[in-house]
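Notes follow the structure.
The values are calculated or read from the model by the stated rules, or taken from the named source; none is laboratory data. For clarity, every value in this text was computed on a predicted model and none was experimentally measured. Neighbour counts run over all protein chains shown; Cβ positions are idealised from the backbone, glycine included. Note: accessible area is taken over every heavy atom of the protein model, side chains too, but ligands, DNA and RNA are not part of it. Shrake-Rupley method; radii C 1.70, N 1.55, O 1.52, S 1.80 Å.
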Amino acid sequence: AVLGGMARMTISLTVILLEATGDMQYVLPLMFTLMAARFTGNVFNEGLYDIHIKLKNIPFLEPEVPTIAEKHEIVAGQVMSTDVKCLRPVERAGVVYDLLRSCSHGTFPIVDTASSGTLYGTAGRSMLCTLLQRRAFGPPEDLNGYDEGGGCDILGPRRLSPLVQWDTIEKVYPRYPSIEDVEMRSGDRNCWLDLRPYANTAPYTVNETASIQRTYRLFRTLGLRFLCVVNHHNQVVGIVTRKDLLPESLSDSLMRGRNAHMNTTYGFS
């Protein structure tokens, strides 16, 4: 009963205790005891595992959509974070290094600034750190107005930095280098890092007008950690993470009353 009240497990604990005792005559007593302990514990608080999930601030999503999302018409544009840290398909090594030093995000959207932030793909933090550590960037040449807002179309198909094989990047799993392991020399800051061969050009996205129920189910069924939020022109307007879908975060978003359909100008770092 103590074990059942602590863990709130019924069938699995019954099987474990039966295997430990080897006596089948205790099947019904064990089942009744564990069920009674579970129901009694639920009257007072949650199980020990659920309590530790909240103490560690782990963004665990329950199987069912939060009640507040069912009662109110909430869309993805109301809960997303608009402070999006983005990179260009071909970026300066110093810009990538400074971005990784300034935040702890695990993934960054890659956008084409020439078309006001059209989503090109995503790049993972571990991959970026590996490329910087291996100095996989090209010379700091002039790219015909690319720095002045030109799109990646003007660059053509040619590769602007040395190619690192994917097997080389993944062979250090799970001990990927961190940004603290990267030494950025002053002469390398203006070198070009071509992210086009490494970008995930088909990331999961959701429209800013999509319901929060659909967004929640995408996270649950696909095991996602984040979703890029785009508008009707496929321009990145925000990011939704698991923390944004917790009941407390949904309540805060509802209280703020953010409107997803307001004409807002989004800045990209």
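What the table below lists for this structure:
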quantity: Criterion: polar (S, T, N, Q), over 18 Å from the mean Cα position of the chain (by Cα) and on the phi < 0 side of the Ramachandran plot - qualifying residue of T107, T130; calculated: T130
quantity: Inter-residue pairs, beta-carbon under 6 Å, first free of Cβ contacts under 8 Å to residues at least 60 places away in the same chain and in segment 110-128, second in a helix (DSSP H, G or I) and open to solvent by 10 Å² or more (accessible area, probe 1.4 Å), 6+ apart; calculated: D112/C152
quantity: Where T265 falls short, out of the listed (1) hydroxyl-bearing (S, T, Y); (2) at pLDDT 90 or above; (3) under 21 Å from C86 (Cβ atoms); (4) exposed (fewer than 12 other Cβ atoms within 10 Å of the Cβ); calculated: (2)
quantity: Breaking point among (1) without any contact (Cβ under 8 Å) to a residue 60 or more places away in the chain; (2) closer than 23 Å to V229 by Cα; (3) open to solvent by 50 Å² or more (accessible area, probe 1.4 Å); (4) outside any loop (DSSP other than H, G, I, E, B), for E64; calculated: (4)
quantity: Any hit, segment 228-238, residues being assigned to a loop (DSSP other than H, G, I, E, B) and either under 23 Å from S104 (Cβ atoms) or open to solvent by less than 40 Å² (accessible area, probe 1.4 Å) (or both); calculated: yes
quantity: Evaluation of L100 against (1) under 20 Å from A136 (Cβ atoms); (2) open to solvent by less than 60 Å² (accessible area, probe 1.4 Å); (3) out of contact with any helix residue (DSSP H, G or I) (no Cβ under 6 Å at 6 or more places or on another chain); (4) not in a strand (DSSP E or B) (one fails), failing number; calculated: (3)
quantity: Looking only at segment 193-216, and only at residues there that are within 15 Å of the chain's Cα centre (by Cα) and either of a type in the set (S, T, Y) or more than 30 Å from V90 (Cβ to Cβ) (or both), the one that is surrounded by the fewest Cβ atoms within 10 Å (Cβ to Cβ); calculated: Y204
quantity: Positions within segment 40-61 being open to solvent by 80 Å² or more (accessible area, probe 1.4 Å), among the aliphatic types (A, V, I, L, M) and closer than 17 Å to V2 by Cα, in sequence order; calculated: V43
quantity: Verdict on R175 being surrounded by fewer than 13 Cβ atoms within 10 Å (Cβ to Cβ) and charged (D, E, K, R); calculated: yes
quantity: Hey, R220 of a type in the set (K, R) and closer than 22 Å to L99 by Cα or not; calculated: no
quantity: Output for segment 68-89, where each listed residue is β-branched (V, I, T) and open to solvent by 10 Å² or more (accessible area, probe 1.4 Å); calculated: I68, V75, T82
quantity: Qualifying residue in segment 19-39 (condition: surrounded by fewer than 12 Cβ atoms within 10 Å (Cβ to Cβ), part of a helix (DSSP H, G or I) and acidic (D, E)); calculated: yes
quantity: Complete set of residues in segment 132-161 that are open to solvent by 70 Å² or more (accessible area, probe 1.4 Å) and modelled with pLDDT of 85 or more; calculated: Q133, R134, R135, P139
